[in-house]
Amino acid sequence: MHSRTRPAGLLGTLLLLGALLLAAGTPPAAAKAPPGPVAGPGTNHATDDPFTSDRTSWWRQDRFGMFIHFGAYSNLEGEYTRPDGTVCRNAEWIKRECRIPDDAYEKQAATFNPADFDAQAIVKAAKDAGQRYIVITSKHHDGYAMWPTKQNSWNLRDHSSFDPHRDILAELKKASDAAGIKLGFYYSIWDWHDPDFADPATFPRYKKRMYGQLKELVQNYDPALLWFDGEWDADNPTNAWSRRDGADLQAYLHDLNPDLIVNNRVGKREVADGDFGTPEQEIPAEPVDGQLWESCMTLNDHWGFAKYDTHWKSPATVVRNLLDVVSRGGNYLLNVGPDKRGRIPRPSVDRLRETGRWLGSHGQGDAVHGAGHTGLVADPAWGAVSRRGNDLYASVTSWPEAGRPLHLTAKSPFTITSAQVAGSSQKVRVTPAGDGFDLTPSGAATGPLASVIRLAIRPPAAAPAGTGKGLTAQSWANDSFTGPPAVTGVDATVNKSYRFDGSPDPKIPADHFSTRWTGSIEPRFDETYTLSTVSDDTVRVWLDGKPVIDSSTPHGPKVDKGTVTLKAGHRHSLRIDYTEVTGEAHMKLLWSSPSQSQQIVPQRQLYAR
Ligand code: H79
């Protein structure tokens, strides 16, 4: 079960105390009772709702980040010349894909000297691009650490030709802090270099070093985010990382720093793993169910520097991707791969600058920063629409011919009170048309990338926030709701990550239990809602006595959805039957509607009866 390998230490305790004080905003006396056990029956590892918590707030607002792939592979710049003179091309996977022998790879790494790494220049490039956070590879699959780790000598200080007094992660942290940019670290679980990785018998030794490295990173550089990778089943070397390992690591990191944001590859990319999903080199067609998300993407066709790769995305593509992502409620993490001297390639800098120029013009950045998905309109073919407060930003990538309208499909009735093209004095005619509106601009596009029409709206009427205290929760120490419940109480929300070791109550073991929530749910809008559950092992939901979700075949972490029409300010009766058989356990209840972005159904909208 969950081992207590959690040296929280003084710093951890102080961080935790600080976080409690900050989170509560009240003196300790008024704060909650001391935290209960951190593992075992009675533990719920879900500490907040990532969709709404203060912890994730910066990340949800920032929307646009810089990914940096930089490591010992960068020294080869994408090309390996074999002893027979033939050349093999790749980038960060070059060691494996070009089958470079260990000694040859180590030999080239010994010459790695990124003397031109200029943290201030990199941070400036990000900032000028409108990127608000940076995620840099601290260790990729080749296992080479980019900071002076004490766990081994396979790192930039001890195995390179670089100035041993420099620490590029520390430099980047300092420059990022000075610029108000958040810094995160990519960390590969899969490790091609550590001799203990491949053999399941020695894997625990590797894990210990990995925990040691992560503790160094968290305590010495205070990253805002950790971005794991290489969690998948793999051969050569065999990857023994399990879901249980992921759950343990997440709990460990939470103890080190409760404010950390962690991606889903800490586990096995299930919907209940970490804080956000990580579509790679793709943009989902709509908001992702049940989790925050971030698309990571290259600017050319490689993550690491590849001197032969000139297949650069155009600035128009970058801007359009960013707008698509934001309109679907995601973040965009756009990659650069510095060369062996540590310099971001000129074509990357140029594209970043163009993107930043667009975001910085005419207030167009408002369509991105602090903006997000709106369910009020359908995704248009001519561009993307995001919402920020009571403004919709219609970003037009295919500007219409003179006199032709842009059609906007409304999914809930709202009024457009004004329409203006950012950076232009032209009139935009707004007329009700069919299932929504026609927007007819009178002039030309404001530029070649995208033109933004800012629509001030009067949104659908909202009922006042509710006054609920949560749902009645009855839990049984069996998985069939049999006999009298072992415990009865009120749960503020349905947001449970019992994972492998937790349960609803210390009296209830981690396997074979069930919970029934009853009471009512009060929406704030007269709209069609999607109720979603994230469950493991089974769930059934009834609204107003009618079944909405029936997912009663035991399963791993999974999203189920049901559509219901709700009445604002009305309390609809709700019942949820949830069971945990064996293994991992999760149960969350979320909702969304045209006016309500996806979130865990909040306490004040839930009533115990
Ligand atoms: O760090 C970047 C990639 O190195 C890593 N994730 C991003 C963020 C990544 N690992 N795996 N993949 C991406 C997808 C796997 C692609 C593969 Fe292949 C196809 C592995 C082997 C064949 C690409 C092509 C890598 C080597 C050859």
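Under 7 Å by Cβ, and 6 or more places apart or on different chains, what pairs join a residue from the stretch 310-328 that is open to solvent by 10 Å² or more (accessible area, probe 1.4 Å) with one that is among the aromatic types (Phe, Trp, Tyr)?
ASN321/TYR332
List the pairs whose first member sits in the stretch 523-538 and is at negative phi, whose second member is open to solvent by less than 10 Å² (accessible area, probe 1.4 Å) and aromatic (Phe, Trp, Tyr), and whose Cβ atoms are under 6 Å apart, counting only residues at least 6 apart or on separate chains?
Cβ pairs passing all conditions: TYR529/TRP591; LEU531/TRP591.
Identify all residues within the stretch 263-280 that are open to solvent by less than 10 Å² (accessible area, probe 1.4 Å) and either assigned to a strand (DSSP E or B) or not assigned by TED's automatic domain parsing to the domain that holds LEU214 (or both); write none if there are none.
ASN263, PHE276, GLY277
From the list LYS174, LYS127, LYS150, pick out the single residue that is more than 16 Å from the ligand (Cβ to nearest atom) and not in a helix (DSSP H, G or I).
Only one candidate qualifies: LYS150.
If we keep just the residues of the stretch 533-560 that are of a type in the set (Lys, Arg) and in contact with a strand residue (DSSP E or B) (Cβ under 8 Å, 6 or more places away or on another chain), which is least open to solvent (accessible area, probe 1.4 Å)?
The selected residue is LYS558.
Which count do you get for residues in the stretch 563-604 that are closer than 29 Å to ALA410 by Cα, open to solvent by less than 20 Å² (accessible area, probe 1.4 Å) and β-branched (Val, Ile, Thr)?
3
Tell me, yes or no, whether the stretch 351-362 has at least one residue that is in contact (Cβ under 8 Å) with a residue 24 or more places away in the chain, over 30 Å from ASN75 (Cα atoms), of a type in the set (A, V, I, L, M, F, W, C) and part of a helix (DSSP H, G or I).
Taking every residue of the stretch 351-362 in turn, at least one turns out to be in contact (Cβ under 8 Å) with a residue 24 or more places away in the chain, over 30 Å from ASN75 (Cα atoms), of a type in the set (A, V, I, L, M, F, W, C) and part of a helix (DSSP H, G or I).
Check the stretch 144-152 and report whether any residue there is out of contact with any Pro (no Cβ under 6 Å at 6 or more places or on another chain) and small (Gly, Ala, Ser).
Yes.
Select from the stretch 207-220 the residues that are crowded, with 20+ Cβ neighbours inside 10 Å and either basic (Lys, Arg) or more than 11 Å from THR149 (Cβ to Cβ) (or both) and list them in ascending order.
VAL218, the sole residue that qualifies.
To keep it simple, each residue is scored yes or no on (1) surrounded by 15 or more Cβ atoms within 10 Å (Cβ to Cβ); (2) in contact (Cβ under 8 Å) with a residue 12 or more places away in the chain; (3) in contact with a Phe, Trp or Tyr (Cβ under 7 Å, 6 or more places away or on another chain); (4) assigned to a strand (DSSP E or B).
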| site | (1), (2), (3), (4) |
| --- | --- |
| ALA384 | yes, yes, no, yes |
| TYR393 | yes, yes, no, yes |
| TRP399 | yes, yes, no, no |
| LEU408 | yes, yes, yes, yes |
| GLN420 | yes, yes, no, yes |
| SER425 | no, no, no, no |
| ARG429 | no, yes, no, yes |
| LEU439 | yes, yes, no, yes |
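Which of the following residues is at pLDDT 95 or above and in a helix (DSSP H, G or I): PRO195, PRO164, PRO223, PRO204?
PRO204
Hey, can you tell me all the residues within the stretch 141-178 that are in contact (Cβ under 8 Å) with a residue 24 or more places away in the chain, over 19 Å from TRP192 (Cβ atoms) and crowded, with 17+ Cβ neighbours inside 10 Å?
Within the stretch 141-178, PHE162, ILE168, LEU169, LEU172, LYS173, ALA175, SER176 qualify.
How many residues does the stretch 491-504 hold that are open to solvent by 30 Å² or more (accessible area, probe 1.4 Å) and touching a Ser or Thr at 6+ places or on another chain (Cβ under 6 Å)?
Summing the residues that are open to solvent by 30 Å² or more (accessible area, probe 1.4 Å) and touching a Ser or Thr at 6+ places or on another chain (Cβ under 6 Å) in the stretch 491-504 gives 1.
Restricting the search to the stretch 130-140, which residues are open to solvent by less than 30 Å² (accessible area, probe 1.4 Å) and either more than 16 Å from the ligand (Cβ to nearest atom) or not in a loop (DSSP other than H, G, I, E, B) (or both)?
GLY130, GLN131, TYR133, ILE134, VAL135, ILE136, THR137, SER138, LYS139
The values are calculated or read from the model by the stated rules, or taken from the named source; none is laboratory data. Predicted model, so just to flag it, every value in this text is computed and none were measured. As a convention, Cβ positions derive from the backbone with ideal geometry for all residues, glycine included, and neighbour counts pool all protein chains shown. The protein model used for the area step is the full one, side chains on, heavy atoms only, and it has no ligands, DNA or RNA in it. Shrake-Rupley method; radii C 1.70, N 1.55, O 1.52, S 1.80 Å.
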